[in-house]
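> Pasting in a structure now, in structure tokens, and then I'll have a few things to ask.
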Amino acid sequence: MFANEGESFVEVFVAIADTLQTGHDVIDTMDVLVRGCTMFTAAIAAGILLADSSDVLHVAASSSERASDVEEEQLGAHEGPCLDAYRSGATIEVPSVADARGTWPAFSDIAEARGYRAVHSVPIRFGSQ
């Protein structure tokens, strides 16, 4: 993946392009994406939920155990901004996790307990899916 923490934005894209080779593990690609998200955006943590062939979502990558806990809670509770982004195909902005309690109570509880104040969920497409 990355040689060090001082990687450039271009090097992240090169690393992602390298993962497109036949036989490369998709989980390695997801790890590159979450690391790039936390290195080159204001995000302090990142996670990726990936749907299998039956449309069941799984945690594919996360930047920390804390991020993974929040992703797993969304899956277990069947609620949260990542699930809504997946279902709708639209980006979900949550400027205040506390204010989202009426929409996603279980998600809000775990996100706040893990120190999150805001969340940004973006659906990632592969072709038309």
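The values are calculated or read from the model by the stated rules, or taken from the named source; none is laboratory data. In this text, all values refer to a predicted model and were calculated from it rather than measured experimentally. When we count neighbours, we look across all protein chains shown, and the Cβ atoms used for this are built from the backbone with ideal geometry, even at glycine. Accessible surface is based on the protein model in full, side chains and every heavy atom, while ligands, DNA and RNA are left aside. Shrake-Rupley method; radii C 1.70, N 1.55, O 1.52, S 1.80 Å.
> Considering Arg87, Arg125, which residue is more than 19 Å from Thr38 (Cβ to Cβ) and assigned to a loop (DSSP other than H, G, I, E, B)? Before the answer, list the steps.
Values: Arg87 fails: assigned to a loop (DSSP other than H, G, I, E, B).
On inspection, the qualifying residue turns out to be Arg125.
> To continue, here is another question. Which numbered condition in (1) within 20 Å of Asp25 (Cα to Cα); (2) modelled with pLDDT of 95 or more is the only one that Arg125 fails?
So Arg125 meets the others, but not (2).
> Take the residues in the stretch 92-111 that are farther than 19 Å from His78 by Cβ, outside any loop (DSSP other than H, G, I, E, B) and free of Cβ contacts under 8 Å to residues at least 24 places away in the same chain, then tell me which one is least open to solvent (accessible area, probe 1.4 Å).
Quick first cut of the stretch 92-111, residues farther than 19 Å from His78 by Cβ only: 93, 95-96, 98-99.
Now drop any that are not outside any loop (DSSP other than H, G, I, E, B), which leaves 93, 98-99.
Next, from what is left, pick out any that are free of Cβ contacts under 8 Å to residues at least 24 places away in the same chain: 98-99.
Working: Ala98: 51, Asp99: 129 Å².
For the stretch 92-111, the residue satisfying everything is Ala98.
> While we're looking at this one, here's another question. Residue by residue through the stretch 66-84, note down the ones that are open to solvent by 30 Å² or more (accessible area, probe 1.4 Å), assigned to a helix (DSSP H, G or I) and acidic (Asp, Glu).
Selection gives Asp69, Glu72, Glu73, Asp84.
> Here's a follow-up. Between residues in the stretch 36-56 that are touching a residue at least 24 places away in the same chain (Cβ under 8 Å) and surrounded by fewer than 18 Cβ atoms within 10 Å (Cβ to Cβ) and residues that are in a loop (DSSP other than H, G, I, E, B) and not acidic (Asp, Glu), which pairs lie under 6 Å by C-beta distance while being six or more apart or on different chains?
Qualifying pairs under 6 Å: Thr38/Ala46; Thr38/Ser63.
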